[in-house]
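The values are calculated or read from the model by the stated rules, or taken from the named source; none is laboratory data. Just so you know, these numbers come straight off a predicted model, no measurement behind them. Glycine gets a Cβ as well: all are built from the backbone with ideal geometry, and neighbour counts include every protein chain shown.
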Amino acid sequence: MSSSTSVDEKHDQIKEIVSEILEIDPAEMTTTSLFKEDHDADSLGAIEILSALERTFGVEIDQAELTRMVNLEGVIAVVNEAAAAQ
């Protein structure tokens with residue numbers, strides 16, 4: 001079982017990837033703020049995020065999951081489920 005530190009590190013890494021691709025200040029992003037509505041992110045960024053997460057965490061994420069990846073909370077859930085499925 002992994003420690004909470006590694007979970008926090010994973011969340012920080014996900015936040016870093018998302019904020020970099022969407023060009024959002026990480027300090028302005030909460031787990032529930034919506035990328036598109038709150039941060040003016042475009043939908044192309046979602047595909048980039050998905051690819052970056054797959055590379056970084058060595059997981060496969062179905063593109064159908066993009067509909068859930070509207071905020072940090074959704075992205076973290078999708079990554080965790082993809083990791084658990086392997």
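Just name the residue that is surrounded by the fewest Cβ atoms within 10 Å (Cβ to Cβ) out of those in segment 61-75 that are of a type in the set (A, V, I, L, M) and part of a helix (DSSP H, G or I).
First, pick out the residues of segment 61-75 that are of a type in the set (A, V, I, L, M): 61, 64, 66, 69-70, 72, 75.
The next check asks that each one be part of a helix (DSSP H, G or I); those that pass are 64, 66, 72, 75.
Working: Ala64: 7, Leu66: 17, Leu72: 22, Val75: 26.
Applying the filter and picking the extreme gives Ala64.
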From the list Val78, Val7, which one is at pLDDT 95 or above, on the phi < 0 side of the Ramachandran plot and either surrounded by 12 or more Cβ atoms within 10 Å (Cβ to Cβ) or within 9 Å of the chain's Cα centre (by Cα) (or both)? Val78
Looking only at segment 36-75, count how many residues are in contact (Cβ under 8 Å) with a residue 40 or more places away in the chain and within 10 Å of the chain's Cα centre (by Cα). 4
Taking segment 32-49 and keeping residues among the small types (Gly, Ala, Ser) and either at pLDDT 95 or above or surrounded by fewer than 17 Cβ atoms within 10 Å (Cβ to Cβ) (or both) leaves Ser33, Ser43
Residue hits (segment 1-50; part of a helix (DSSP H, G or I), of a type in the set (D, E, K, R) and farther than 21 Å from Glu65 by Cα) are Asp8, Glu9, Glu28
